[in-house]
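Here's the structure, in structure tokens; my notes come after.
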Amino acid sequence: MSSADFTYDHVGATREPGSCPPGFHPLHVRTRLGEGEAVFRQGAEAVLTWELHRALGVGFDASADRAAPGVDVTVTLAGVVRAPCRVVWTVEEHRRAGWAYGTLPGHPECGEESFVVDRTGDGTVWLTVSAFSRPARWYTRAAGPAARGLQQAYARRCGTVLRRLATEGLEEF
């Protein structure tokens, strides 16, 4: 995978928590999904197999059934705005699973976004959406802070939707 294909230089930077290259706007939204191994497993699988993104109600197309470096992804908003991306890294560990994608030419933003499910030592399961971005099109530049507000709302919606997917069918104690 050539980093020349991406529209930014810091490919893979979302792997490091809190990383935001100069000139980009950071995003960090953490949502509690629930507790326990079953919630973690269902949440991780929903993130890694695109189920989360398909359940968000946006158009979503991927070149593979599961997140892996090099997989191309296109998100379509309102049937009009196409956002081509490519997965830059994935993680599948005992208590942590997720991936990040970076923007390709034609995306309205420039940067990277990650979706990581983790289970802490006390058993609490979280989704963390982290990103750094800046406008890449005239209309995202014109939208200014409103575009960042939409990104925040999208990240919060990811948490709400994944909470439902991660706890579906599980008994409450």
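What to note about this one:
- Count of residues meeting criterion [of a type outside the set (Val, Ile, Thr) and open to solvent by 10 Å² or more (accessible area, probe 1.4 Å)] in segment 84-107: 12
- Number of the condition not met by residue 117 [criteria: (1) among the β-branched types (Val, Ile, Thr); (2) crowded, with 20+ Cβ neighbours inside 10 Å; (3) more than 19 Å from residue 33 (Cβ to Cβ)]: (3)
- Matching strands (runs of 3 or more DSSP E) fully within segment 1-115 where at least 1 residues are under 30 Å from residue 142 (Cα atoms), among the hydroxyl-bearing types (Ser, Thr, Tyr) and under 15 Å from the mean Cα position of the chain (by Cα): 25-35, 72-77, 96-103
- If you go through segment 105-146 and keep only what is over 16 Å from residue 25 (Cα atoms) and touching a helix residue (DSSP H, G or I) at 6+ places or on another chain (Cβ under 6 Å), you end up with 115, 117, 119, 125, 127.
- Residue match in segment 137-159 (condition: in contact with an Asp or Glu (Cβ under 7 Å, 6 or more places away or on another chain), without any contact (Cβ under 8 Å) to a residue 12 or more places away in the chain and of a type outside the set (D, E, K, R)): no
- Where residue 140 falls short, out of the listed (1) at pLDDT 95 or above; (2) crowded, with 18+ Cβ neighbours inside 10 Å: (1)
Residue-by-condition table, conditions (1) open to solvent by less than 30 Å² (accessible area, probe 1.4 Å); (2) farther than 13 Å from residue 118 by Cβ; (3) not polar (S, T, N, Q):
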residue	(1), (2), (3)
40	yes, no, yes
49	no, yes, no
64	no, yes, yes
67	yes, yes, yes
74	yes, yes, no
77	no, yes, yes
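- In this entry, residue 162 passes the filter for residues that are of a type outside the set (Asp, Glu), buried (at least 18 other Cβ atoms within 10 Å of the Cβ), under 12 Å from the mean Cα position of the chain (by Cα) and over 21 Å from residue 21 (Cα atoms).
- All of (1) open to solvent by 10 Å² or more (accessible area, probe 1.4 Å); (2) modelled with pLDDT of 95 or more; (3) more than 16 Å from residue 164 (Cα to Cα) hold for residue 35 with one exception: (3).
- Taken over segment 116-163, residues that are of a type in the set (D, E, K, R), in a strand (DSSP E or B) and farther than 21 Å from residue 54 by Cα amount to 2.
The values are calculated or read from the model by the stated rules, or taken from the named source; none is laboratory data. Every value quoted in this text rests on a predicted model; they were computed, and no experiment measured them. Heads up, the Cβs are rebuilt from the backbone with ideal geometry, glycines too, and the neighbour counts pull from every protein chain shown. Surface accessibility is based on the protein's heavy atoms, side chains included, excluding ligands, DNA and RNA. Shrake-Rupley method; radii C 1.70, N 1.55, O 1.52, S 1.80 Å.
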